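Q: One structure, pasted below without further comment.
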Amino acid sequence: MPRFRLALALCVLCGLVSAAEPRARDLGVPFDGTPGPLNAITDVAGVAVGQVTLIEDLANGHKVRTGVTAILPRGHASYELPAFGAWFALNGNGEMTGTAWLEESGQLEGPVMLTNTHSVGVVRDAVIAERVRAGGADASGYWWSLPVVAETWDGELNDINGFHVHPEDAARALHEAKGGPVAEGNVGGGTGMICHEFKCGIGTASRRVRVGERDYTIGVLVQANYGLRDSLRIAGVPVGQYLRDDRIYSAPNPNAGDTGSIIIVVATDAPLLPQQLKRIAKRAGMGLARMGSYAGNGSGDIFVAFSTANADALRDQPLQQASFVGNDHLDGLFEATAQAAEEAIVNALVAARDMQGDGGHYAKAIPHAALVKLLKRFNRYRPPH
């Protein structure tokens with residue numbers, strides 16, 4: 001079977017399987033806050049997610065375990081109409097392209113793309129090519145793009161130096177992006193990722209928040225690839241101190257450091273200005289800290305936040321007006337961001353499945369029954385509805 005057809009078949013299969021996997025709440029993990037209907041980033045109206053999963057055993061013995069995830073703030077209109085946005089690096093041992101202009105302009109123009117560390121360039125170029133194909137020049141008269149593409153390193157399980165992500169993979173993730181449920185675990189850019197020495201990957205969650213007389217949604221999607229086992233906490237339970245088997249980094253090397261990364265994407269329909277969105281992005285780190293992360297020196301913990309509100313204020317016109325939530329009323333949105341980031345990471349852990357990877361490396365998923373037993377032991381189990 002040709003590579004494209006094999007990868008596509010695996011992409012569809014993995015997406016269907018992951019979408020049906022249990023989530024953290026199904027196991028009785030307790031969380032604060034009220035999720036949206038899907039408990040996903042796509043609860044923010046207009047946001048679309050596309051994922052291409054590449055799993056292939058090559059004739060030369062190497063194994064492909066990688067992919068691409070695309071988040072489109074305004075669906076397939078994201079090229080034509082930007083969104084207010086901001087980014088924040090809790091620890092910058094990683095890459096997110098396009099952040100200089102995002103910082104300068106306060107506008108996210110186009111999608112947010114997630115992939116592996118050594119495929120950032122090809123995905124970036126593919127987004128530009130799709131922008132050119134998508135239509136005419138922008139208001140300045142030019143076809144140009146500074147895409148936001150972020151990475152985490154999947155080289156433990158993936159033949160990362162084989163450069164197996166191709167432009168057509170990124171293009172397909174963009175074309176197939178849609179609303180609705182989001183597949184989690186071993187999918188998209190998260191296919192080969194490892195978190196707290198368990199198999200991990202993509203996870204998502206959302207929260208509903210009332211500000212004054214209006215309800216808003218915070219949605220989070222993570223590509224999680226950070227952390228050692230010892231520090232792992234789930235719902236306050238020191239899980240990493242009890243589930244000690246299959247520690248792929250710290251068992252062979254007790255002095256191993258935290259050399260992973262995590263990308264957190266925060267979406268909201270609350271009307272927020274760029275400087276407020278930077279404050280939202282920072283709060284994603286609070287959810288990460290609840291999991292036991294300390295943002296180690298070798299970890300790239302980089303977050304981006306955007307708002308789908310104020311669309312008219314971002315059209316090309318000399319005088320623009322935007323509404324925004326007052327700073328004194330942001331606390332509920334801050335709390336929701338931390339809550340959704342935490343749950344998205346746990347969902348990524350719970351949805352992932354064991355994976356045999358390149359070089360004979362093997363990553364075990366977190367054992368569900370053992371996790372439930374620990375939650376009950378620490379009186380943190382909440383029976384699923």
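The values are calculated or read from the model by the stated rules, or taken from the named source; none is laboratory data. Model, not experiment: these values are computed from the prediction. Don't worry about glycine lacking a Cβ; one is built from the backbone with ideal geometry, like all the others, and counts go over all protein chains shown.
Q: Could you please find all residues in segment 68-86 being within 21 Å of GLY201 (Cα to Cα) and either surrounded by fewer than 18 Cβ atoms within 10 Å (Cβ to Cβ) or in contact with an Asp or Glu (Cβ under 7 Å, 6 or more places away or on another chain) (or both)?
A: VAL68
Q: Oh, and also: Is it true that ALA322 is more than 16 Å from GLY28 (Cβ to Cβ), in contact with a helix residue (DSSP H, G or I) (Cβ under 6 Å, 6 or more places away or on another chain) and part of a loop (DSSP other than H, G, I, E, B)?
A: For ALA322, the condition - more than 16 Å from GLY28 (Cβ to Cβ), in contact with a helix residue (DSSP H, G or I) (Cβ under 6 Å, 6 or more places away or on another chain) and part of a loop (DSSP other than H, G, I, E, B) - is met.
Q: Could you check segment 106-119 and list, in sequence order, the residues that are surrounded by fewer than 21 Cβ atoms within 10 Å (Cβ to Cβ) and in a helix (DSSP H, G or I)?
A: Within segment 106-119, THR117, HIS118 meet the criteria.
Q: Identify the residue in segment 160-190 that is of a type in the set (D, E, K, R) and buried (at least 24 other Cβ atoms within 10 Å of the Cβ) and, among all such residues, is farthest from VAL346 (Cα to Cα).
A: Top of the filtered list is ASP169.
Q: Out of ALA336, ALA363, I need the residue that is among the hydrophobic types (A, V, I, L, M, F, W, C) and closer than 17 Å to LEU38 by Cβ. Which one?
A: ALA336
Q: GLY227 passes all but one of (1) within 19 Å of the chain's Cα centre (by Cα); (2) surrounded by fewer than 24 Cβ atoms within 10 Å (Cβ to Cβ); (3) farther than 20 Å from LEU38 by Cα; (4) in contact (Cβ under 8 Å) with a residue 60 or more places away in the chain; which number fails?
A: Of the numbered conditions (1) within 19 Å of the chain's Cα centre (by Cα); (2) surrounded by fewer than 24 Cβ atoms within 10 Å (Cβ to Cβ); (3) farther than 20 Å from LEU38 by Cα; (4) in contact (Cβ under 8 Å) with a residue 60 or more places away in the chain, the odd one out for GLY227 is (2).
Q: For ARG290, are the conditions met, namely being touching a Lys or Arg at 6+ places or on another chain (Cβ under 9 Å), over 21 Å from PRO271 (Cβ atoms) and free of Cβ contacts under 8 Å to residues at least 60 places away in the same chain?
A: Criteria met by ARG290.
Q: Within the bounds of segment 326-339, is there any residue that is in a helix (DSSP H, G or I), among the hydroxyl-bearing types (Ser, Thr, Tyr) and within 25 Å of ARG23 (Cα to Cα)?
A: Looking for residues that are in a helix (DSSP H, G or I), among the hydroxyl-bearing types (Ser, Thr, Tyr) and within 25 Å of ARG23 (Cα to Cα), one finds at least one in segment 326-339, hence yes.
Q: Being outside any helix (DSSP H, G or I) and of a type outside the set (D, E, K, R) is the filter here, so list the residues in segment 309-319 that pass it.
A: Those that are outside any helix (DSSP H, G or I) and of a type outside the set (D, E, K, R): ALA309, ASN310, ALA311, GLN317, PRO318, LEU319.
Q: Let me ask you something else. Which of (1) among the basic types (Lys, Arg); (2) closer than 30 Å to ASP159 by Cβ; (3) not in a loop (DSSP other than H, G, I, E, B) does ARG353 not meet, given it meets every other one?
A: It is condition (3) that ARG353 fails.
Q: Failed condition for ARG214, given (1) of a type in the set (Lys, Arg); (2) over 25 Å from ASP154 (Cα atoms); (3) over 20 Å from the mean Cα position of the chain (by Cα); (4) surrounded by 19 or more Cβ atoms within 10 Å (Cβ to Cβ), with all others met?
A: With (1) of a type in the set (Lys, Arg); (2) over 25 Å from ASP154 (Cα atoms); (3) over 20 Å from the mean Cα position of the chain (by Cα); (4) surrounded by 19 or more Cβ atoms within 10 Å (Cβ to Cβ) applied to ARG214, the lone miss is (4).
Q: Filter segment 27-62 for residues that are in contact (Cβ under 8 Å) with a residue 12 or more places away in the chain, surrounded by fewer than 16 Cβ atoms within 10 Å (Cβ to Cβ) and among the acidic types (Asp, Glu) and give the result.
A: Answer for segment 27-62, where residues must be in contact (Cβ under 8 Å) with a residue 12 or more places away in the chain, surrounded by fewer than 16 Cβ atoms within 10 Å (Cβ to Cβ) and among the acidic types (Asp, Glu): just ASP32.
Q: Among the residues of segment 364-380, are any under 30 Å from SER307 (Cα atoms) and either at pLDDT below 95 or in a helix (DSSP H, G or I) (or both)?
A: no
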